[in-house]
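The values are calculated or read from the model by the stated rules, or taken from the named source; none is laboratory data. Here the structure is a predicted model, which means the values were calculated and not measured. For neighbour counting, all protein chains shown are included, and Cβ atoms are generated from backbone atoms with ideal geometry for every residue, glycine included. Each accessible area value is taken on the protein alone, full model and side chains, heavy atoms only, with ligands, DNA and RNA left out. Shrake-Rupley method; radii C 1.70, N 1.55, O 1.52, S 1.80 Å.
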Amino acid sequence: MQKIRNIAVIAHVDHGKTTLVDGLLEQSGTFGSHEQHDERAMDSNDIEKERGITILSKNTAITYGDHKINIIDTPGHADFGGEVERVLKMVDGVLVLVDAYEGVMPQTKFVVKKMLALGKKPIVVINKIDKPSAEPDRVVDEMFDLFADMGASDDQQDFPVIYAAARDGMAKLDMADPDGDFKCIFETILNSIPEPEGSPENPLQAQVFTLDYDNYVGKIGISRIFNGTVKKGDNIMLAKADGEMVKGKISKLIGFHGLNRMEIEQAEAGDIVAFAGMETVDVGDTVADPVNPVALDPMHVEEPTLTVVFAVNDSPLAGKEGKHVTSNKLRERLEFEMNTNVAMKLEVVGEGKFKVSGRGELQITVLAENMRREDFEFSISRPEVIVKEIEGVKCEPFEHLVIDVPEDLSGGVIERLGKRKAEMKSMLPMGQGFQRIEFEIPARALIGFRGQFLTDTKGEGIMNHSFLEFRPFTGAVESRSYGALVSMTAGSTLAFSLFGIQNRGVLYIGVQTEVYEGMIVGEHSRDNDLVVNPIKGKAQSNVRSSGADEAIKLIPPRDMSLERALEWIEDDELLEITPKSIRIRKKFLTEAERKRNSRKGK
Ligand SMILES: Nc1nc2c(ncn2[C@@H]2O[C@H](COP(=O)(O)OP(=O)(O)OP(=O)(O)O)[C@@H](O)[C@H]2O)c(=O)[nH]1
Ligand SMILES: [Mg+2]
């Protein structure tokens, strides 16, 4: 039987997981010496590359001596926390990374808690020790306390520590040691992560933890084999979460090595491989022996906490920039997403209206961004948190929020958060004039908070949050304090009129931009909406006053990214998303309609 170790790399966002995996691939000799690869090679899809974050967990395998080490790189952003939880079931140990300056952050807590509860064996990697501000000793203490607080077993609490600068391929077991390479990481993995249990002689039991799709072979289930041996062409039984048994056949067996996938003939207990040939496969399904099928425990997938409505684009500019605009197309695409993305849910809520639920705004933004790249046009509504009844009590999701802010600005931020029903839990000096403050806050109150926070901290604040739990509903929270500047007419914007409007707030669009009645062109500096005319030219006169046009100095419009716009909009507003544009609009385009509806609302 092959000697195997299965590990996951887990951490808060940006603490260096994918960079560390680069180093593990590199230094195990898994990349050929002449093989070209990008930095953070495992972040393989476009959005991951552009944003420099991991969105989907991905697995790879390296060979170290006579061992195969299967490694799963996981996303650190809280919205993708559900991925991490599933992945943890598939491995026997973890590398928990933590930034040597930032220390324990919300998602560190989240992943450590899950890992400990599942009884996994941890190795703590204090990463980025090259940072001038690094305080590795403090961070080791923080990790020790965190493990103790979260109920680590004695064995887990006795974790090995590795100090690393993953980006430089450097690691060592003691800060006092001279800089070394990743050999100590490989050795620690072999020595302290247990071998996989199970036997190749037992009846087959493999559990699917991620789905993939290939145009040629269809749905692919990436799975950990817990027992037995599987060969290409084998007949198997697929044991579904609901107890149903579906006969199937392994049409292809796929193995992992470095960045490559290759067809293999056989795999056995302990390994992580991919199967093709089962169209009905879902995450959590057991691939089992056809004669003696025994299902593994179903997988717990965290409930979504946030919903938005995707709808057919019905703006006056609809259909001009995208190819796929109909309700059917939209529905097909969203259903396809749900097929592979277990963390999201879909519900049809009306003609051409689809409620999509997920774990956070970033997750929803990534889906929307992928869709616009595939030439879709659609609208999305303001995110709403999912409220549910638990034992007769109306409950809503709460988040653990950590902010790092300049000391002199912290008062204002605390006051703002108070209005949003945040409860302060701790406050610590972080050096360099910064304070770290922790809160517990309804997820609802965080929608739209980031923009405000950046303004309040002059762009210097850092905020991080992750899901805590559902708690009793807290009542109204403060929302956007500014109104919208709404266009009263359709046409192309002119500098002359924008010049007049920019004194009333902040513009979101520049000159020669197509607008329509009810489209939002900026943020009003007051709390009410203001209807404006952005296409009005200068009054015609025969006398040309030379040089007057140059006097029009426009402030560059605020760039509204998809996330920023999604956070900004209110209930009576929508985002119109096309491959070329992101427009913000009122749900009701004419002022008369808006008035009628606001009266109805009251
Ligand atoms: N100074 C320093 N920077 C590092 C080190 N390791 C990684 N980084 C940088 O940290 C940033 C984030 O690295 P990633 O490897 O993408 O982090 P990650 O944990 O995979 O991030 P997510 O997958 O989005 O959670 C990148 O800019 C890296 O270059 C290190 O040892 N020292
Ligand atoms: Mg990553």
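When only alpha carbons are used to place a centre, the stretch 455-487 and the stretch 42-96 end up 30 Å from one another. Name the residues of the stretch 267-292 whose amide N is less than 11 Å from a point 7 angstrom out from the Cα of LYS231 along the C-beta direction? Residues passing the 11 Å test: 267.
Label-to-label distance for LYS323 and GLU423 is 5.2 nm, based on points extended 7 Å past Cα in the beta-carbon direction. In this calculation the C-beta distance from ILE390 to VAL349 is compared with R0 = 22 Å, giving a FRET efficiency of 0.40.
When only C-alpha pairs under 8 Å and at least 6 residues apart count, what is the relative contact order of the stretch 303-422, in percent? Across the stretch 303-422, relative contact order equals 34 percent. Note on the chain: with neighbouring protein chains present and a 1.4 Å probe, carbon and sulfur make up 48 percent of its accessible heavy-atom surface. Remark: the Cα gyration tensor places the stretch 342-425 in the oblate category, a/c being 1.5 or greater and a/b not exceeding b/c. Using only the Cα atoms of the stretch 178-250, build the gyration tensor, take square roots of its eigenvalues as a ≥ b ≥ c, and label the shape rounded, prolate or oblate: rounded if a/c is under 1.5, else prolate if a/b is larger than b/c, else oblate. Note, shape of the stretch 178-250 comes out prolate. Shape class for the stretch 1-136: rounded, because the ratio a/c of the largest to smallest gyration tensor axis (alpha-carbon atoms, square roots of eigenvalues) is under 1.5. Using a probe of 1.4 angstrom and keeping all protein chains present, the accessible surface of the chain works out to 45 square angstrom per residue. Taking GluC sites (Glu not before Pro) across the stretch 30-114, the ones in a DSSP loop with at most 11 further Cβ atoms lying within 10 angstrom of their Cβ are GLU39. In this simple spin-label model, placing a label point 7 Å from the Cα along the Cα-to-Cβ direction at both GLU201 and GLU374 gives a separation of 4.8 nm. Each Cα pair under 8 Å and six or more residues apart adds its sequence gap; the mean of these over the residue count of the chain is a relative contact order of 10 percent. Taking only the C-alpha atoms of the chain, Rg followed by Dmax gives 26.8, 95 Å. When the alpha carbon coordinates of the stretch 461-528 are projected onto the principal axes, the ranges are 50, 26, 21 Å, largest first. Could you sort out which of LYS323/LYS345; LYS345/LYS587; LYS121/LYS247; LYS109/LYS580; LYS353/LYS394 sit more than 29 Å apart by Cα distance in this structure? LYS121/LYS247; LYS109/LYS580, as the Cα separations exceed 29 Å there. For a paramagnetic label modelled at 7 Å from the Cα of ASN597 toward its Cβ, which residues of the stretch 510-528 fall within the zone defined by backbone nitrogen distances under 17 Å? Output list for this probe position: 516-521.
Shape analysis of the stretch 343-391 yields a ratio of the Cα radius of gyration to the Kirkwood radius, Rg/Rh, of 1.01. Remark: spin-label model distance PHE588-ARG331 equals 2.9 nm, labels positioned 7 Å along the Cα→Cβ axis. Here the Debye sum runs over all C-alpha atoms of the stretch 275-434 as equal scatterers in vacuum, and log10 of I(q)/I(0) at q = 0.18 Å⁻¹ comes out as -1.11. The three principal axes of the Cα atoms in the stretch 497-539 give end-to-end lengths of 29, 19, 15 Å, sorted in falling order. Karplus-based coupling profile of the stretch 344-356, in residue order and whole Hz: 10, 10, 10, 9, 7, 10, x, 4, x, 10, 10, 8, 10, with θ = phi - 60° in 6.51 cos²θ - 1.76 cosθ + 1.60 and x standing for Gly or Pro.
Helix content alone sets the calculated 222 nm mean residue ellipticity of the chain: runs of n ≥ 4 DSSP H residues at -39500 (n - 2.57) each, divided across all residues, give -6500 deg cm²/dmol. Quote the charge dipole size of the chain about the Cα centre in Debye, to the nearest 20; the model charges only the Cβ of Lys and Arg (+1) and of Asp and Glu (-1). Here the size comes out at about 2640 debye.
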